[in-house]
Amino acid sequence: MKIKRGDLVIVTAGDDKSNTPRPVQQVLANGQKVVVEGVNLVYKHVKRGHPKSPQGGRLRMEKPIQSSNIKFFCGICEAGVKLGYRYNENGEKERFCRKCSTTVSVVSPAREKFAKS
Ligand SMILES: [Zn+2]
């Protein structure tokens, strides 16, 4: 799974389908599920004494969605894209946009084995 916490994604299916990029808050179940800000909102009813609502009542909160229903949002393509992994010249493993081939982030430190000299 190539999506990480903090990535901007768009939701491609379901009730909250939209083209608005939203940040990922949590990645769960080994990447199969994600919690996206403002997506799949439910009311959770809580009793008095809950830390977020001392008087009790209803809390608005996100529930996880299947990660097959999201796409990474590339700021350069301004669209949902697929990500790939590759090694750069220094031997660092990085995530990149498969559409415009821009580096998204470095995922692991440089290893000589993969460096192109
Ligand atoms: Zn792109």
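Rule-based calculations on the coordinates, nothing more; no lab input. Small disclaimer: the values here were computed from a predicted structure and weren't measured. Quick reminder, even Gly has a Cβ in these numbers, built from the backbone with ideal geometry, and neighbours come from all protein chains shown.
Taking the number of other C-beta atoms within 10 Å as the exposure measure, put Lys4, Lys113 in order starting with the fewest.
Placing the least packed residue first, the sequence is Lys113, Lys4.
Give me the extension gain from Cys77 to Ser108: residue separation times 0.36 nm, minus the current Cα-Cα distance, reported in nm with one decimal.
Result for the pair: 8.7 nm of gain on full extension.
Based on the Kirkwood radius over alpha-carbon pairs, what is the Stokes-Einstein translational diffusion coefficient of the chain at 37 °C with 0.692 mPa s viscosity, in µm²/s?
204 µm²/s
Report, ordered by chain and residue number, the lysines lying within cross-link reach of Lys113, taken as a straight Cα distance under 17 Å and ignoring same-chain residues fewer than 8 apart.
Cα-Cα hits under 17 Å: Lys93.
Let me check I've understood the local charge: for Asn40, count other residues with C-beta under 9 angstrom from its C-beta, Lys and Arg +1, Asp and Glu -1. What total comes out?
-2
Give me Ile70, Ile76 sorted ascending by neighbouring Cβ count inside 10 Å, so fewest comes first.
Lowest count first: Ile76, Ile70.
Quick one: if the Förster radius is 35 Å, what FRET efficiency do Arg58 and Lys4 give, using the C-beta to C-beta distance and rounding to 0.05?
0.70
Dividing the alpha-carbon radius of gyration of region 75-117 by 2.2 N^0.38 Å (N being the number of residues), what value is obtained?
Cα Rg divided by the expected 2.2 N^0.38 Å: 1.23.
Over all alpha-carbon pairs of region 31-83, lay out the pair-distance distribution in 10 Å bins, whole %, shortest bin first.
The percentages, shortest bin first, are 22, 33, 25, 15, 5.
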